[in-house]
1. Every residue in the stretch 8-23 that is within 9 Å of the chain's Cα centre (by Cα) and part of a loop (DSSP other than H, G, I, E, B), please.
2. Test of understanding: among 24, 72, which residue is away from ligand 1 (no atom under 16 Å from the Cβ) and buried (at least 16 other Cβ atoms within 10 Å of the Cβ)?
3. Given the condition assigned to a loop (DSSP other than H, G, I, E, B) and touching a strand residue (DSSP E or B) at 6+ places or on another chain (Cβ under 8 Å), answer yes or no: does some residue in the stretch 148-160 qualify?
4. Since residue 294 meets every condition but one in (1) surrounded by 14 or more Cβ atoms within 10 Å (Cβ to Cβ); (2) under 17 Å from the mean Cα position of the chain (by Cα), which condition does it not meet?
5. Take the residues in the stretch 124-142 that are farther than 22 Å from residue 248 by Cβ and in contact (Cβ under 8 Å) with a residue 24 or more places away in the chain, then tell me which one is farthest from ligand 1 (Cβ to nearest atom).
6. How many residues are within 14 Å of ligand 1 (Cβ to nearest atom) and closer than 18 Å to residue 161 by Cβ if we restrict to the stretch 93-114?
7. Identify, from the list 130, 123, the residue that is within 16 Å of the chain's Cα centre (by Cα) and farther than 21 Å from residue 160 by Cα.
8. Do you know which residues across the stretch 29-53 are assigned to a loop (DSSP other than H, G, I, E, B), farther than 27 Å from residue 172 by Cα and touching a residue at least 40 places away in the same chain (Cβ under 8 Å)?
Ligand code: AMP
Ligand code: MN
Ligand code: MN
């Protein structure tokens, strides 16, 4: 980590104008890690622009959980005037370059690209890659970087970074929560961040349209070979206009089903793509299936987007999952047999 931090430090010391980009349909870690790093770099005297194709989702448009959210640019980013371009581009929470969406353009290619991420499926697309699949969140990696470089973490940066950690760990409930992470969260709270603001303002909060969509999606549940799944056609979403793309609460809720090893939600989008969100129970892995389908993620939470009609997307994903799960069950049984 020190080596990586030192390499990034020398890139940063040679840079004045830094562009930060996080993934399309951003979640709390995408926005939190990006804004946290923006506050930290600005405190070091750098000029920083934070960009996201889809802007900031409504739950994060709050000074309590994502201070500085108003500064996120969501038009495609063009280099500034000739000779005044960015001299460093940093991507956050993105496992491949498609996740940058329209925010990244080839005209930015003159600047070195640093890829900071924690997805096991990260393709290592940066000139420099700070990728740790054991990290709970990209925000955790940003905090480690700041602490390794002895950068002070002010209250705004602390809040954004805690928001990233708490949203990606569902408030410290998942497997990659370590004693070191809890210590880090304590230091962020001591720097002025509120844990309650993230729990109440992001994780436990949703609008009525979202609750209404959950109701319809849950009414259309299927359970097949220990896969619990539901599909959300455009018409279903049309009755609940205020629903945003990046709500992962329903997938997390369905993943609690005792009778299932995997939960899947397929959501039809207006642009002809189908978003697929997957969750796996302990002992199962959906990251490699997602990667094979052109997406990515973590062993127990992954996703992809398919350009297929919804019905075909359902068949395609279920087919891939059934094959992968059969293999994983065989492997798990073999390990059990050896005990
Ligand atoms: P979600 O179900 O949207 O909460 O996503 C679960 C995990 O899968 C997150 O870590 C996402 O970053 C990742 N993921 C979701 N969709 C995609 C995609 N189209 N490409 C790559 N990774 C994705
Ligand atoms: Mn994310
Ligand atoms: Mn993340």
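1. The initial filter retains those residues of the stretch 8-23 that are within 9 Å of the chain's Cα centre (by Cα), namely 22-23.
Scanning the stretch 8-23 gives a single hit, 23.
2. Details: 24 fails: away from ligand 1 (no atom under 16 Å from the Cβ).
So the residue among 24, 72 that is away from ligand 1 (no atom under 16 Å from the Cβ) and buried (at least 16 other Cβ atoms within 10 Å of the Cβ) is 72.
3. Among the residues of the stretch 148-160, not one is assigned to a loop (DSSP other than H, G, I, E, B) and touching a strand residue (DSSP E or B) at 6+ places or on another chain (Cβ under 8 Å), which makes the answer no.
4. Checking residue 294 against (1) surrounded by 14 or more Cβ atoms within 10 Å (Cβ to Cβ); (2) under 17 Å from the mean Cα position of the chain (by Cα), the one that fails is (1).
5. Applying the filter and picking the extreme gives 128.
6. Residues of the stretch 93-114 that are within 14 Å of ligand 1 (Cβ to nearest atom), as a first pass: 93-101.
Filter again for closer than 18 Å to residue 161 by Cβ, leaving 93-94.
Of the residues in that region, 2 qualify.
7. Numbers: 130 fails: farther than 21 Å from residue 160 by Cα.
Step by step, each of 130, 123 is checked, and only 123 is within 16 Å of the chain's Cα centre (by Cα) and farther than 21 Å from residue 160 by Cα.
8. If the condition is that a residue be assigned to a loop (DSSP other than H, G, I, E, B), farther than 27 Å from residue 172 by Cα and touching a residue at least 40 places away in the same chain (Cβ under 8 Å), then 44, 53 are the ones that fit.
The values are calculated or read from the model by the stated rules, or taken from the named source; none is laboratory data. Since the model is a prediction, treat every value here as computed from it, not as a measurement. Every residue, glycine as well, gets a Cβ built from its backbone with ideal geometry; the counts of neighbours run over all protein chains shown.
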